[in-house]
Amino acid sequence: MPKIELLVIQPTPFCNIDCRYCYLPNRNSKAVVAPETLANLFTQVFASGWLEDCLSVVWHAGEPMVLPIDFYRDAFRLIDRAKPRELAVTHSFQTNGTLIDDAWCEFFAEAHVNLGVSIDGPKLFHDRNRRTRSGHGTFDKTIAGIRCLRRHNVPFHVISVLSAASMAAPREMFDFYVEEEIERVCFNVEESEGDHVSQSFADSDLDAAYYRFLGEFWRLSSAMPGKIKFIREIEHALQQVVRPKYAPFSNQLVEPFAITSMDWAGNISTFSPELLGLKNARYGDFLLGNINHDALVEMPHRGNLARMLKDIQAGVAMCRERCEYFSVCGGGEPVNKLAENGSFVSTETTYCRVTKMRATDLVLDALERVQQSPSGRTGPSLPFEMPARV
Ligand code: SF4
């Protein structure tokens, strides 16, 4: 039986800005999910028997804050009334931050929303890609939103998409976060997804540049304890490398319905959330049905799910057989395999080389240094599951 861990909901496909690397195909559409569609989704999800004791709901795939606060007050109330009493539901927003004001901050605090703000570092780096439709940089509005969050003591993290320029400037990036009192950071690289072809991926030095950036950023953070409290890429790599033997590990992205995504019109998809809006010659689209007309519990029996799952599992099996990082990765991101290799039935991508392999290398290299005794001899072996790379 499937287990839903994460529900990604597109409240609207519309975004008020137009980043140069955006993959969302309908970001000019001002369509909004209907309350009846949300009610159908949650009624069916709660009745499915596919939940354990908690459910994360992420409002994303468009800019969630273009809708009024009352939209979310009503939606959260609806979910709260429909949910089983013992189920914990958490809400997260991923936002460009340009619309954050006092009223939103009060709402985030009151509703305990987990907040991720997209900012690509200092103005010089951010404004190269994160622009309005008329081509103006959005840094000033985003940083004003972040400062507003800080004034209201609303916890948040940032996601920064790294470019070749910012990757070459770990000190500037670090100083920027410290100056703005940003304590929790996540790094993405500009990916090839959908129709967007990444410029960064064309750079043959990307792996090494990412390794150098992350290593230096980690070193700077360690040298000034208490400033940057969370670096997602390091934390995740450490969790995977330093995990007890036999601890369960699964890759949500390749488990059907572990991540379930719904667009504003009620269409349902699974695996990588980005698949929701994409089309492809082999699969057509990646939709499993519509929550307004179809039964969620019937969707695992759809022919297109079987076809996708067969190919995704074949790709995972190839990864298991060939990749020495499989134990910390679990077979990667289907959407990146499709975008970069043209097929789910494939293994390595630039995306996984950078985000999985180089981040893991960095942590392993640090552990190896720690293992060295002062005399230079190797210390006791680590009681951890180590990837085959070592
Ligand atoms: S790191 Fe890449 S090649 Fe290795 S298991 Fe993950 S997706 Fe497959």
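What the table shows:
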item	result
Residue in the range 101-124 that is surrounded by the most Cβ atoms within 10 Å (Cβ to Cβ), counting only those that are within 21 Å of the chain's Cα centre (by Cα) and among the hydrophobic types (A, V, I, L, M, F, W, C)	ILE119
Answer residue from the range 312-343, given it is on the phi > 0 side of the Ramachandran plot and in contact with a Ser or Thr (Cβ under 8 Å, 6 or more places away or on another chain) and is nearest to the ligand (Cβ to nearest atom) among those	GLY332
Members of the range 147-168 that are surrounded by fewer than 20 Cβ atoms within 10 Å (Cβ to Cβ), in contact (Cβ under 8 Å) with a residue 40 or more places away in the chain and over 17 Å from TYR21 (Cβ atoms)	CYS148, ARG151, HIS152, ASN153, VAL154, PRO155, HIS157, ALA168
Checking GLU193 against (1) modelled with pLDDT under 90; (2) under 22 Å from the mean Cα position of the chain (by Cα); (3) of a type in the set (Asp, Glu); (4) surrounded by fewer than 17 Cβ atoms within 10 Å (Cβ to Cβ), the condition it does not meet	(4)
Check on GLY121, at positive phi, modelled with pLDDT of 95 or more and not in a helix (DSSP H, G or I)	yes
Matching residues, the range 271-300, being within 23 Å of LEU338 (Cβ to Cβ) and surrounded by fewer than 18 Cβ atoms within 10 Å (Cβ to Cβ)	LYS279, ASN280, ALA281, ARG282, TYR283, GLY284, ASP285, ASN290, PRO300
Any pair with Cβ under 6 angstrom, 6 or more apart, that starts in the range 238-256 at a residue that is over 30 Å from GLU298 (Cβ atoms) and ends at one that is at pLDDT below 90	VAL242/PHE384; ARG243/GLU385; LYS245/GLU385
Single residue of LEU296, LEU278, LEU288, LEU309 found to be at pLDDT below 95, of a type in the set (A, V, I, L, M) and more than 12 Å from the ligand (Cβ to nearest atom)	LEU278
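The values are calculated or read from the model by the stated rules, or taken from the named source; none is laboratory data. Since this is a predicted model, take the numbers as computed values, not measurements. Because the Cβ atoms are built from the backbone with ideal geometry, glycine has one as well, and the counts that use them run over all protein chains shown.
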